[in-house]
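*Asks:* What follows is a single structure, and I will ask about it in a moment.
Every read-out reported here was derived from the displayed coordinates using simple, explicitly stated rules and does not represent laboratory data. Owing to the predicted nature of the structure, the values given are computational and were not obtained by experimental measurement. Don't worry about glycine lacking a Cβ; one is built from the backbone with ideal geometry, like all the others, and counts go over all protein chains shown.
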Amino acid sequence: MTRRILLINGPNLNLLGKREPHIYGSTTLADVEASARTQASSLGVELETFQSNHEGAIVDRIQEAAGWGPNCLHDRAPKERVSAIIINPGALTHTSVAVRDALLAVDIPFVELHVSNVHAREPFRKHSHLSDRAVAVICGMGVYGYTAAIEFAARHMKV
Ligand SMILES: O=C1C[C@@](O)(C(=O)O)C[C@@H](O)[C@@H]1O
């Protein structure tokens, strides 16, 4: 069965390539997702992508990754469960207990990813609600971080 990896991008990452290019670079999210899809298929895994500016939508998508729908009424077949999640939660990294709880609830191993080096920026970016439960944390590699995360998830997160 082909393994699935889910790539989630949180608030404002739809603006990648336009937003503060001195921090986040000039590559768009569409470019990132297209390269990620090509890379995933060359590694023999399926990639699903999701971006939202809304915390609740991200929580819903994480639950769906486990085959659970709203109120668990619309369960997907178990074979559709995602085997690894790569998440750039954007600002939700620093604020969201709900995203943390969703990731822990589904018990799907995840990589936390940031384009920028969050430790070299404002002090409030140093704290993450996810890092202590992530399999790996990538930050400061620019959009190459997505390539590194997919390679790692495809080759080393065999569950
Ligand atoms: O929106 C973002 C993007 C980010 O996750 C990054 O990719 O570097 C870092 C966060 O602090 C910020 O709120």
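*Asks:* For the chain, what is the relative contact order in percent, using Cα pairs closer than 8 Å and at least 6 residues apart in sequence?
*Replies:* Values: 277 pairs, mean separation 42.1, N = 159.
Relative contact order, the chain: 26 percent.
*Asks:* Quick one: angle between helix 97-106 and the longest Cα principal axis of the chain, in degrees between 0 and 90, rounded to 10, please.
*Replies:* With rounding to tens, the tilt is 40 degrees.
*Asks:* In degrees from 0 to 90, rounded to the nearest 10, what is the angle of the helix 29-42 Cα long axis to the longest principal axis of the chain?
*Replies:* 50
*Asks:* Also, I was wondering about something else. What do you get when you divide the Cα radius of gyration of the range 4-156 by 2.2 N^0.38 Å, with N the number of residues? All intermediate terms of the calculation are to be shown ahead of the outcome.
*Replies:* Details: Rg = 14.7 Å, N = 153, 2.2 N^0.38 = 14.9 Å.
Dividing the Cα radius of gyration by 2.2 N^0.38 Å gives 0.98.
*Asks:* Quick check for me: using +1 on Lys/Arg Cβ and -1 on Asp/Glu Cβ, what's the dipole size of the chain about its Cα centre, in debye to the nearest 20? Kindly include the intermediate steps, with their values, before the conclusion.
*Replies:* Working: 16 positive and 16 negative charges, 53 e Å.
The calculation lands at about 260 debye.
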